[in-house]
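The values are calculated or read from the model by the stated rules, or taken from the named source; none is laboratory data. Every value quoted in this text rests on a predicted model; they were computed, and no experiment measured them. Virtual Cβ from ideal backbone geometry, glycine too; neighbours counted across all protein chains shown.
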Amino acid sequence: MLSQLVTSALKSLFPSYKASAAKGILAFLFGGIVLYFTEAPENIVNIWRVIVWLILGDVVTGSAVAIIQRSFKSTIFAQRGAKRLIGYVMTFGLAAAMDRLVGSHYMIASWAAYYIAVSEIASILENLGKLGIPMPKFIEVMMKTMRQKAQKGSNLKDVIEEFEEEIETEIQKRQEKKIWKPGDEEE
């Protein structure tokens, strides 16, 4: 069934001879992933389990937004989902192959996994905001900043530094208002 889904997605994305080449590449990547997971340490496998749950969460929240906005179309939903899933698989397959070539002991694949996880978390948070679910102010500010930086094409390092500054500022504000202080977690 997965093979049929991938084949139909590839046929819709590529003309016939290109689909054959793309299927070969995907078969190589899937094979690499299977080999990778049979040898991967438990923490890498767990990261990908979390990512699967995040993808499902994004699908559910995104579908809820589309249904509420009355813009849900099953063909668009399936095509975008298939493209994104294929993109994730290809990203991870490439990272796994690079780990193999470089001998970096799962470092590149971990980075790819964390990038995908952060992307999915951002998408879920954005969908929750569209659904009207209240979020802490600092998350709203971070999401707004991230969108603005992405539109400007900012450097990832600059974005991370700005987020760190915003988080520090928010923590200081909360400590000054005695809303939260380190060590309160156990109360």
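Answer yes if at least one residue in region 142-156 is under 21 Å from Val50 (Cα atoms), buried (at least 17 other Cβ atoms within 10 Å of the Cβ) and more than 15 Å from the chain's Cα centre (by Cα), and no otherwise.
Checked against the condition, which is being under 21 Å from Val50 (Cα atoms), buried (at least 17 other Cβ atoms within 10 Å of the Cβ) and more than 15 Å from the chain's Cα centre (by Cα), region 142-156 yields no hits at all.
Filter region 46-97 for residues that are more than 14 Å from the chain's Cα centre (by Cα) and aromatic (Phe, Trp, Tyr) and give the result.
Matches in region 46-97: Phe72, Phe77.
For region 34-137, list the helices (runs of 4 or more DSSP H) that sit wholly inside it and hold at least 2 residues that are within 28 Å of Ile167 (Cα to Cα), outside the structural domain of Glu170 (by TED's automatic domain parsing) and hydroxyl-bearing (Ser, Thr, Tyr); which are they? Write out each step before concluding.
Working: elements: 42-68, 74-102, 107-130.
Helices (runs of 4 or more DSSP H) meeting the threshold: 107-130.
Return the only residue of Met90, Met142, Met98 being farther than 18 Å from Gly57 by Cα and at pLDDT 80 or above.
Met98
For region 164-178, what are the residues that are part of a helix (DSSP H, G or I) and among the charged types (D, E, K, R)?
Initial filter on region 164-178 (part of a helix (DSSP H, G or I)): 164-176.
Within region 164-178, Glu164, Glu165, Glu166, Glu168, Glu170, Lys173, Arg174, Glu176 qualify.
Does Tyr17 satisfy the criteria of being at pLDDT 65 or above and either assigned to a helix (DSSP H, G or I) or closer than 30 Å to Leu128 by Cα (or both)? Give the steps one after another, and end with the answer.
Numbers: at pLDDT 65 or above: no; either assigned to a helix (DSSP H, G or I) or closer than 30 Å to Leu128 by Cα (or both): yes.
Spelling it out, it is not the case that Tyr17 is at pLDDT 65 or above and either assigned to a helix (DSSP H, G or I) or closer than 30 Å to Leu128 by Cα (or both).
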